[in-house]
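> Dropping a structure here in structure tokens format, bear with me for questions.
The values are calculated or read from the model by the stated rules, or taken from the named source; none is laboratory data. Source: prediction; values computed, not measured. For neighbour counting, all protein chains shown are included, and Cβ atoms are generated from backbone atoms with ideal geometry for every residue, glycine included. Areas reflect the complete protein model, heavy atoms only, side chains present, ligands, DNA and RNA absent. Shrake-Rupley method; radii C 1.70, N 1.55, O 1.52, S 1.80 Å.
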Amino acid sequence: MSDKNWYIFRHGLATLSKRGYGDQIRTAQVLPEGIPPVQRLARYLDICAYDWGVRSEFLRCAQTADIVTVITGRTFVTDARLNERVEEPFDTIRDRVKAFIDEMEKTPHQHIWVCTHGIVIAALRSWLVRGEFSRQYENDYIQPGELLKIAPEGVDVVKFEVLV
């Protein structure tokens, strides 16, 4: 388990389809009903410690991080290693998320905020808690409107419900 405090959240709700994003995987925007849960998440985060904020390059993460920034004043940099999985083998996403974690573990940052996508969250959780990431854990992620906290003392999920 990492000795850092990770605040990991998924972008705001960006589709109602059970089939995913289709050809809008890179360009899907946060839906209007996805904004209030992100605002509630941001108000929660506003009292949390922060050293570094990082997000995916995809539009829905940019929009989500912008909402959090407006409320908290904390900013986010982009990192392509946090991008959604798009036509890449499982091993590639596993390795890029591991490289991101390895880099963060070498920094002095103790409170890291991350805005990203489902499978990346599954990879982060698995690497940080189990020390490995395999296919059996690729769907072990939180939903939009939820915060995954991973700290030396344990793992917790805080929900800011999406009401649709």
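> In deg cm²/dmol, rounded to 500, what helix-only [θ] at 222 nm does the chain give when every DSSP H run of at least 4 residues adds -39500 (n - 2.57) and the total is split over its residues? Present the calculation step by step, with values, prior to reporting the outcome.
Working: 4 runs with 54 residues, N = 164.
Taking each H run of at least 4 residues, the total per residue is -10500 deg cm²/dmol.
> Could you check how many percent of all C-alpha pairs in the chain are farther apart than 20 Å?
Details: 6043 of 13366 pairs.
Looking at the chain, the distances longer than 20 Å represent 45 percent of pairs.
> Can I ask one more? Give me, ordered by chain and number, the residues 5 or more places off W52 or on other chains with an amide H under 5 Å from its own placed amide H.
Excluding prolines and chain starts, which carry no amide H, the hits are H111, W113.
> Here's something else I'd like to know. Among residues other than K98 whose Cβ falls under 11 Å from its Cβ, what is the net charge (Lys/Arg +1, Asp/Glu -1)?
Values: positive: R81, R94, R96; negative: D91, D95, D102, E103, E105, E132.
Around K98, the surrounding residues sum to -3.
> Using a 1.4 angstrom probe, figure out how much accessible area the chain has per residue, in square angstrom, rounded to the nearest whole.
Spelled out: the 1.4 Å probe surface of the chain, per residue, equals 48 Å².
> Let me make sure I get this right: for region 107-163, a, b and c are the square roots of the gyration tensor eigenvalues over alpha carbons, sorted descending. Under 1.5 in a/c it's rounded, otherwise prolate if a/b > b/c, else oblate. Which is it? Could the numbers behind the result be given before it?
Values: a/c = 1.73, a/b = 1.10, b/c = 1.57.
Oblate, since a/c reaches 1.5 and b/c is not below a/b.
> So how compact is region 1-40: Cα radius of gyration and Dmax in angstrom?
Rg then Dmax for region 1-40, in Å: 13.5, 39.
> Right, next: Going by a ≥ b ≥ c, the root eigenvalues of the Cα gyration tensor, does region 68-117 fall in the rounded group (a/c under 1.5), the prolate group (a/b larger than b/c) or the oblate group? All intermediate terms of the calculation are to be shown ahead of the outcome.
Details: a/c = 3.63, a/b = 1.49, b/c = 2.43.
Here region 68-117 falls in the oblate category.
> Something else about it: Counting DSSP beta bridges in the chain, what percent are antiparallel, to the nearest 5? Please list the in-between numbers first.
Numbers: 10 of 22 bridges.
Expressed as a percentage, antiparallel bridges in the chain total about 45.
> While we're looking at this one, here's another question. Rank-order 114-121, 143-150 by packing density, defined as the average count of other C-beta atoms within 10 Å over each peptide's residues, highest first.
Values: 114-121: 24.5, 143-150: 19.8.
Averaged packing, sorted descending, gives the order 114-121, 143-150.
> Follow-up question, since we're still on this one. What percent do you get for the relative contact order of the chain when only Cα pairs under 8 Å and 6+ apart count?
Values: 324 pairs, mean separation 58.9, N = 164.
Answer for the chain is 36 percent.
> Using a cut-off of 9 Å between beta-carbons, work out the net charge of the residues near I8 (Lys and Arg +1, Asp and Glu -1, I8 not included). Could you put the intermediate results ahead of the total?
On the way: positive: R10, R125, K149; negative: none.
Surrounding charge for I8 is +3.
> Determine the share of the chain's accessible area contributed by carbon and sulfur atoms, expressed in whole percent, with a 1.4 angstrom probe. Mind showing how you got there, number by number?
On the way: 3830 of 7930 Å².
After summing per-atom areas, the C and S share lands at 48 percent.
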